[in-house]
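One structure is given here, and the rest of the page talks about it.
Taken together, the values in this text are just the output of simple stated rules run on the coordinates, not laboratory data. All values derive from a computational prediction rather than experimental measurement. As a convention, Cβ positions derive from the backbone with ideal geometry for all residues, glycine included, and neighbour counts pool all protein chains shown.
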Amino acid sequence: MIIPMSIVYASQISEWIYENEYSIYTFHQNDDTVKELMKGEYYACLDRYNDLLGYFCFGKSAQIPTIEKGGL
């Protein structure tokens, strides 16, 4: 099930640590991270027991910075 992010799930996600090439997805565990996760672009993904499995992000926050051809 996908639901709007809650402060409880945002706090849990802010503690997740990714390793190696996925480390760019590790958040800093602080209030700013929870605010970012709560601003409306993030959604929690839950199993049938309402345990957190992951999260989704849509909108500007989901965009990965790249250098476009012809860009600076």
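Once the convex hull of all Cα atoms in the chain is built, its volume per residue stands at 120 Å³.
For the pair GLU15 and ASP32 in one chain, pulling the backbone fully straight at 0.36 nm per residue adds 4.8 nm over the alpha carbon distance.
Under a Cβ-Cβ cut-off of 15 Å, what is the net charge of the residues other than THR33 that fall near it, where Lys and Arg count +1 and Asp and Glu count -1? Intermediate results must be reported in sequence, preceding the final value.
Working: positive: LYS35, LYS39; negative: GLU15, ASP31, ASP32, GLU36, GLU41.
Counting the neighbours of THR33, the net charge comes to -3.
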